[in-house]
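A.B. asks: Okay, here's the structure, questions in a sec.
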Amino acid sequence: MKKCLFLMMLAGLVFSVHGKYEGSYLNELTANYVTPHQIWAKNLGKGPVKAYVVAKRSTAREIIELAQRMDLEHSTVLLCDENDYASTSTYEAPVEGTTKEEKKAELMAKFKQDKELVILYDVPFGILPPELQVRIANFVKNGGGLLTSLPPLKKMIATPLPEISQMLIAATPSTTAKQKPTAYEYGKGRIIVLPSSGMLKGQEGGLNNKTSGMEEWLGDYESSLPIIINSVLWSAGRNPNVKLSPFVEAAPEGKAQKTAVLSHVLGYGAPSFKFNAEGNGNVNLKCRIRQNTSVLSSETLAVELKGQSLLELKLPQLPAGKYYLDIQSLAGGKTDGIACYPFSIESPLGKIELEMADEAIYEKGPINAELKIEKPMAGAGKIDISLCDSPYGRVWVKDSLSLPAGAKSLPISINKYHIPTIAAYLKCSVSNEKGEKLASVSRPIFFPNYDLDTFLECGDSVRNPLIASQMADVGNRWRNGLWGGRTQALCNQRVIPWATNIQIQGDENGIFYPWQKSEDPKSMYQKMGKDMHPYKPEMREWWKEKALVTGGHVAETKKYGAIIYNLGDECGFDYNAGFGPSDPKYFAEFLAKHYGSIEKLNLAWDSSYKNFEEIPHYKLQESKEKKDFPVWFAHRQYMERMYADLYHYLADEIRKVNPNAKVGAEGSSPGDLELSISKLQFWGPYQDKVEGELLRSIGGDRIRTFWWGGYIGMSGGRNEVPIPLWNNLLRGAYDGHFWFQTDVSSPLSNIGADYSFAKYYQKLLPYMNELTNGLAQLLITTPLLNKDIVLYWSHTSNSASQLDPRFVAPAQSLNPLIDYFYETGLNFDFTTKNNLARLKTAKILFLCGVSALNEKEVEAIKDYVKNGGTVVADMNPAMANESLCLVKTNPLAELFGDVLFNKIEIPSPRKASFEAELNGEKISFASERLVSSPEIQFFQVRKYGKGSAVLLNFPLASAKNGQAEEGSFNKMLAGIIKGAGIKYAAQIEGIPMDDRVMRIRTGKGFEIIGLMALLSDTGKTAKITLPKEKYIYETYKGYLGKTNLIDLKLDVPFKCYSVFDAEQAKPVLKLSSGTASPGTPVILDMKANRQDGIYFMQLIDSSGKPVCLRDQVIELRKGTEIPIHFAYTDNPGNYKIAVTDVATGLKNEASINLK
């Protein structure tokens, strides 16, 4: 899990008035989110069924699905899972209504005797509190009903009622394979045990079946509910007056008679469907013919029943395919009972198929398929072709082809098309010369898109199609999903496979053990021996299998557009590992490769080894005690190299299968960050200030993400505004984010058990939408330009800080220094030994904790100062070389004096006071407890060539924490900055320095000034003063005026302004045509606008509402001609294109008439 103390303080965690997080999303079942559905049992004769429901969160949505289709008044209690009625999880407890005490009280309070039945949905009877079990048992015994997915107490199901079970099956025969009901009598009451279908959990949804897809899943789901509705009615004592059952043909002589038919098969052109109705009196039977979710026809049969009657429903002319006959029996206008009968129409053409060489179309290539017909028509015919996106069903291509008489196959090619989703369905229907539709066929096609969003947003995987449209309501936010594959692609979610989890761990002897101990050690030992060294070929193959097959499914996910492959969350390694039987060999090989020759190693280590095999391989504590620092560091480098090599090996193997893959990890131990990411394209660090800024500086165009949303008690994911997202985007350390979960059973989710958005997430949405709709892209693509300030990062020095307090940890100065730059709007960058040329443009270089340097680094620093630069070091620079061998003469003595490890004491707190001068700028500071070395002045300045070298004999954290006068630390840093000739781009008043982050970005002809304050600063007023007058705009909001002063009120703790030298105009929109037709795009020409501009475009319909899923963020750097497509399913009429310049908030519109 991602932990960041700073962000926790910044967030100011939001709780309810009871000291807990609002918990309705885990405890309440509402009908706020409505899904498409058919009406089955509304307007019941005895009014709504009143039920007490206990359901587990993951499948509780099914209760709402039932209530949409029937009259059901439910008092529902939600449980976290099937293992207990409440969880003691640290994530559950902080949320209202989730503790054992709270949940037990709710269970007991909601159970009332005025209910007709109890529904236990995917909840074992035995996990309920014992007193509630007794009450439910007595309730049933006294005449109540019980519908349960799992068997209750044995004594309650001692008396089966097979005739009732058969009656239920007869009314809904299609579901018996998955949901076979069994009925029982207990006292005066009724019990039905009906296993759930599991479809909401994706267990049997069919989307991973290559022969079915979205429409079939929705049709199957709709047809899985009537058995539950009938079971609710019967167990509640609502006996149907009319019993419905399928008609079964008499068995041929000598054959056993069938008692049930799962699905009727009718010949093409069948005139009617037969079924049985048993009852007495006049009754209306409302019948509808349905294909998946589409109702094709409906008719009401008015009949007089006298016992059992065979009825026939006249069928319309139906092409071959699968259908359902849905029946509602109505008595006196009230619903009495229901039935659902599947049937299929045989094809006069026999089997028809769409064959393709590959179900994935790469790089927008042509769609080539072949229609195969088993039994060709005697006469000519026609093929109607359509291409519909998934899961929304919009038609983007329509065409027709002639089918010659006798043709058994027909090639189909679509060269010009637009599909905005990952998956679509190619559909073909065959008609004869009379225009009668004979048969149809459909197959999914995938259109992998390997383009990356500028602002990467990723959520948990879509679990099932019912939730897909809810995800669509927030636009592209869930375009990328962790885990999954085919199902997610059909729901228009590009999967980010979690390929594996890299762990290199050792036992107490430093011998490698199995990956995360997740495999049985005995079986692993038998296969590979006790030393499972990552460099062993057999272990390499084992890791490869994990990443490419069992975890990443690389060959499969490639065709679904997977581009990012995650090698794990919280990956890591153990520096104390690497001392097993295989390590002497691999350690010696590492040293040989690292140094090239034993002579070079001896020179670096000041040693006299004869060969690499002779070098001792001490345990870390032993080498530390012996003060053999080079051996200690060599082992750490060995482990870091091993860790990085495993990343690189797996990344290379994944890219062999999917060349577009961008491989990395997130939330993981970096090891040597620069080494680890050298062959990776994706890295999501912990929310660490130093590591994040280092990654920004050296990461290039790598994907940089962080996790935050939904977390309980950390990361600020539960505030009413997106503090971590604002903060991290403003700083520039990250260009994407992962929302932790959309798992409706989890307290970390943003979606409740009823699939509606949690209240906290509803409050976040407007702010997150603003980021998604262009503001994040503006921040990401407008650079934090900096030539002046460079921070030096030395991984070797950072490692050395673990050996002795005289090696000062870089973070002790870097953290307060970065804070100061944030607070004052000064931009900065890190550099390392691999980019020493970066020093040439800097005005000031900070060496924080840089206690170990190689010769090239030393010469580059000296040249930098000699040529006029200012270098500032804290405490003991360059006391060791890059192998951590202590130097005998400090190579930077001309800059900072001859500081030597063995000649200085361990730093300790001392009273300090000094006055100094840097290039004419006076600097002073005082502290009662300043950690320093007594041998060295607190603050010393040396001239060297044209430049200056400053040695601070203290870490900056000590100075900040121990300043004698509030503000004196910042004054000292301001003096150093001014002494280096650096000017501030803006001044801010009204918000305390420690509360704020100000970052200034520079585009072509404009600047972006972003400000972040604490949540507790909301409502405050502040001023930002610029050096001269500019044209000021608030991003997304509009023009503020020509001024050098921005007066602002923090209605939220994040504000963003754009500053221009010239006044800006609203976006210039030029359309290629004012009229449009499906299949041919209208081109929006925007080349007259700023070429680095970010714009948000919406398609507005004739009622003034934005058309769902047609929003678009336009980045003109990617192209100035924007195609606007219309689907054949779009309503004709007048539309508007509304475009907002994100930087200025200025808007413009253009009209299009869709014919």
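A.B. asks: Can you tell me which aspartates and glutamates have their Cα less than 12 Å from the Cα of residue 408? Leave out same-chain residues fewer than eight positions away.
C.D. replies: Straight-distance partners of residue 408: 353, 370, 374.
A.B. asks: Which FRET efficiency value, to the nearest 0.05, is calculated for residue 298 and residue 249 with the Förster distance at 30 angstrom and r the Cβ-Cβ distance?
C.D. replies: Taking R0 as 30 Å, the efficiency between residue 298 and residue 249 is 0.70.
A.B. asks: Please compute the modelled spin-label separation between residue 1092 and residue 762, points set 7 Å along Cα→Cβ, answer in nm with one decimal.
C.D. replies: Taking the simple label geometry, residue 762 and residue 1092 are separated by 4.1 nm.
A.B. asks: Specify the inter-centroid distance of region 390-466 and region 122-166, based on alpha-carbon positions, in whole Å.
C.D. replies: So the two Cα centres are separated by 48 Å.
A.B. asks: For the pair residue 1073 and residue 402, how long in nm is the line joining their label points, each one 7 Å along Cα→Cβ?
C.D. replies: Result for the modelled spin labels: 2.7 nm.
A.B. asks: Further, regarding this structure: Going by how many other beta carbons lie within 10 Å of each one, how would you line up 550, 182, fewest first?
C.D. replies: Listing 550, 182 from fewest to most nearby Cβ atoms yields 550, 182.
A.B. asks: Sequence-distant or interchain residues sharing an amide H contact under 5 Å with residue 707, placed H: which?
C.D. replies: 738
A.B. asks: Round to the nearest 10 and give me the degree value, 0 to 90, for the angle of helix 855-866's Cα axis relative to the longest principal axis of the chain.
C.D. replies: Roughly 70 degrees between the two axes.
A.B. asks: Over 26 Å between C-alpha atoms is what I'm after, so list which of 840/903; 274/382; 787/1049; 585/903; 1028/1066 land there.
C.D. replies: Those over the limit are 840/903; 274/382; 787/1049; 585/903.
A.B. asks: Roughly what would the spin-label model give for residue 1155 and residue 886, points 7 Å off Cα along C-beta, in nm?
C.D. replies: 8.8
A.B. asks: Nearest-5 percent of antiparallel DSSP beta bridges in the chain?
C.D. replies: The antiparallel fraction comes to roughly 70 percent.
A.B. asks: Over what distance in Å are the Cα centres of region 647-689 and region 1076-1155 separated?
C.D. replies: Cα centres, region 647-689 to region 1076-1155: 37 Å.
A.B. asks: Now a separate question. Tell me whether region 941-1035 comes out rounded, prolate or oblate; compute the Cα gyration tensor, take square roots of the eigenvalues as a ≥ b ≥ c, and use a/c under 1.5 as the rounded threshold.
C.D. replies: oblate
A.B. asks: Next up: What percent of all Cα-Cα pairs in the chain falls in each 10 Å bin, counting up from 0?
C.D. replies: 2, 8, 14, 18, 18, 16, 11, 7, 4, 2, 0, 0
A.B. asks: I need the shape label for region 807-979. Rule: rounded when a/c is under 1.5, else prolate if a/b > b/c, else oblate, with a, b, c from the alpha carbon gyration tensor.
C.D. replies: oblate
A.B. asks: I need the shape label for region 1070-1154. Rule: rounded when a/c is under 1.5, else prolate if a/b > b/c, else oblate, with a, b, c from the alpha carbon gyration tensor.
C.D. replies: Because a/c hits 1.5 or more and a/b exceeds b/c, region 1070-1154 counts as prolate.
A.B. asks: Let me ask you something else. Report, in whole Å, the centroid distance computed from the Cα atoms of region 795-870 and region 330-383.
C.D. replies: Region 795-870 and region 330-383 have Cα centres separated by 68 Å.
A.B. asks: If you don't mind, there's one more thing I want to ask. Taking +1 at the Cβ of each Lys and Arg and -1 at the Cβ of each Asp and Glu, which of 812, 956, 748 sits farthest along the dipole of the chain towards its positive end, judged by Cα position relative to the Cα centre?
C.D. replies: 748
A.B. asks: Additional query: Need the list of aspartates and glutamates near residue 546 for cross-linking: C-alpha distance under 19 angstrom, and skip anything on the same chain fewer than eight residues off.
C.D. replies: Within reach: 519, 520, 531, 538, 556, 569, 570, 645, 652, 653, 666.
A.B. asks: What pairs in 656/1118; 110/180; 946/978 have C-alpha atoms more than 22 Å from each other?
C.D. replies: 656/1118; 110/180
A.B. asks: Let me ask you something else. So how much slack lies between residue 354 and residue 1039, counting 0.36 nm per residue of separation and subtracting their Cα-Cα distance, in nm?
C.D. replies: 240.9 nm
A.B. asks: Work out the length of the dipole vector of the chain about its Cα centre, built from +1 on the beta-carbon of each Lys and Arg and -1 on the beta-carbon of each Asp and Glu, and round it to the nearest 20 debye.
C.D. replies: With only Lys, Arg, Asp and Glu charged at Cβ, the dipole is about 1560 debye.
A.B. asks: Give the lysines reachable from residue 689 as a straight Cα distance under 20 Å; neighbours fewer than 8 places away on the same chain don't count.
C.D. replies: 2, 3, 960
A.B. asks: Using the number of other C-beta atoms within 10 angstrom as an exposure proxy, rank 971, 946 with the fewest first.
C.D. replies: Fewest-to-most Cβ neighbours within 10 Å comes out as 946, 971.
A.B. asks: Still on this model: Relative contact order of the chain: what whole-number percent is it, with Cα pairs under 8 angstrom and at least 6 residues apart?
C.D. replies: Relative contact order for the chain comes out at 8 percent.
A.B. asks: Order of 571, 287 from fewest to most other C-beta atoms within 10 Å?
C.D. replies: Listing 571, 287 from fewest to most nearby Cβ atoms yields 287, 571.
A.B. asks: Can you tell me how much longer the chain between residue 46 and residue 270 gets when fully stretched, taken as 0.36 nm per residue apart minus their C-alpha distance, in nm with one decimal?
C.D. replies: Length gained between residue 46 and residue 270: 76.9 nm.
Readers should treat all values here as calculations from the given coordinates under stated rules, not as data from a laboratory. Given the structure is predicted, the values throughout are model-derived calculations rather than measurements. Cβ atoms come from the backbone with ideal geometry, glycine included; neighbour counts cover every protein chain shown.
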